[in-house]
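Reviewing the structure listed below.
The values are calculated or read from the model by the stated rules, or taken from the named source; none is laboratory data. Predicted model, so just to flag it, every value in this text is computed and none were measured. Every residue, glycine among them, receives a Cβ derived from its backbone with ideal geometry; neighbour counts consider all protein chains shown. Accessible surface is based on the protein model in full, side chains and every heavy atom, while ligands, DNA and RNA are left aside. Shrake-Rupley method; radii C 1.70, N 1.55, O 1.52, S 1.80 Å.
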Amino acid sequence: MKTLLMTAAACAFAVAAASAYAQSDVVTIYSADGLHDGSPSWFGDEFDAFTKATGIKVQYIEAGSSGVVDRLSKEKSNTQADVLVTLPPFMQKAAADGLLQSYTPAGADKIDARDKDPKGMFVAMVGNYPNFIYNTAVLKTPPKAYADLLAPQFKQKIQYSTPGQAGDGTALMLQTFHAFGGKPAGFAYLHKLQANNLGPSASTGKLTALVNKGELYVANGDMQMNLTQMHDNPNIAVFFPTGPDGRRTTFALPYYVGLVAGAPHTANGKKLIDFLLSASAQESVSKVAYGFPVRTDVHPADNNFRTLNTMLQGVDIWQPDWSQVLHDLQPDVAAYNQAISSD
């Protein structure tokens, strides 16, 4: 009987503690890196404004695009996060693995259908595009073409984040497929590039400082993150190399936001998502974070927004089929690993 009473008391305490925890004034967000970079940062500003407006404190956890989803998956039986922010195809993977719950944010009608999951699991939050960066102190001009990166001068001076682990690294693999007209030709190029590649990297953001210091000459990245990092890394610049057809191309790689399934603070998570997608928050995306707002009723006029659009002039924009990308991701990563390890 004593054991039964103790067990009942423990259960009652656990329920009470869980209830108190669920009602506490906190919200936890797991996010891919990029939007908290810089000082000020967009996330930093918006989290402060959110707390001031609601009294809800934001707990921020950052990792790579795949890393935040992996952490969610490991915690599925004891969910800690309320909101997830990451890049495709990892947000699609989170939805497919049952890690998200459907939610239609306030103002979702102001976001294009192409930027919203048909099942309501996530929406785009900040528009972005993958690119490359180079060291302007070492190289007078950026490499013009992908083929130029194979030159001996770049031996051990190029590094890119790992496909399948980093969102930007996966984007680089997809961009290579597109630029070279298919997967076999893309893998063949990456096999050749491996002679100049310093090695794997789980984080794209960490490569910027290495390029700035000249330890690397070239790395991959994305516009939002790299332009934000330029203040602290003055020797980097963005470029888009041409493929064999002479065209410069890139594609939309947005930061998506979604509500976590089984979130301990679901109501607070919804409030944070609504806040980050509000017109006022979206109006500052380009000014503070060098990103593109996703709301169709927000039309920035700041210098950063003009810079972003100028940089994309002459660059063709294509659109991946993210459902197919997710379906093919594991075999593509396996094929990539085989390509870079083969003689």
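I need the full set of residues from region 123-142 which are assigned to a loop (DSSP other than H, G, I, E, B) and either within 21 Å of Tyr256 (Cα to Cα) or of a type in the set (Gly, Ala, Ser) (or both), in order please. Quick ask: steps written out before the conclusion?
Quick first cut of region 123-142, residues assigned to a loop (DSSP other than H, G, I, E, B) only: 128-129, 136-142.
Correct list: Asn128, Tyr129, Ala137.
Here Pro143 fits the description: surrounded by fewer than 22 Cβ atoms within 10 Å (Cβ to Cβ), of a type outside the set (A, V, I, L, M, F, W, C) and within 22 Å of Leu312 (Cβ to Cβ). Would you mind stating whether Thr51 is more than 15 Å from Asp82 (Cα to Cα) and modelled with pLDDT of 95 or more? So Thr51 passes the test. Residues that are within 20 Å of Gln330 (Cα to Cα) and not in a helix (DSSP H, G or I): does region 101-117 have at least one? No, that holds for no residue. Within region 324-331, is there a residue that is farther than 30 Å from Asp97 by Cβ and either under 18 Å from the mean Cα position of the chain (by Cα) or charged (D, E, K, R) (or both)? No, the conditions are met nowhere in region 324-331.
From the list Ala334, Ala289, which residue is without any contact (Cβ under 8 Å) to a residue 60 or more places away in the chain and among the aliphatic types (A, V, I, L, M)?
Values: Ala289 fails: without any contact (Cβ under 8 Å) to a residue 60 or more places away in the chain.
Answer to the check: Ala334.
For region 106-119, the count of residues that are more than 24 Å from Tyr290 (Cβ to Cβ), open to solvent by less than 60 Å² (accessible area, probe 1.4 Å) and under 19 Å from the mean Cα position of the chain (by Cα) is at least one.
Out of curiosity, is Lys192 more than 24 Å from the chain's Cα centre (by Cα) and surrounded by fewer than 21 Cβ atoms within 10 Å (Cβ to Cβ)? Yes: the conditions hold for Lys192. Taking region 241-338 as the region of interest, the strands (runs of 3 or more DSSP E) fully inside it that hold 2 or more residues being open to solvent by 10 Å² or more (accessible area, probe 1.4 Å) are 316-318.
Only one of the numbered conditions (1) open to solvent by less than 30 Å² (accessible area, probe 1.4 Å); (2) more than 27 Å from Ser286 (Cα to Cα) is violated by Leu150, and that is (1). For region 65-98, filtering for residues that are on the phi < 0 side of the Ramachandran plot and open to solvent by 20 Å² or more (accessible area, probe 1.4 Å) leaves 16.
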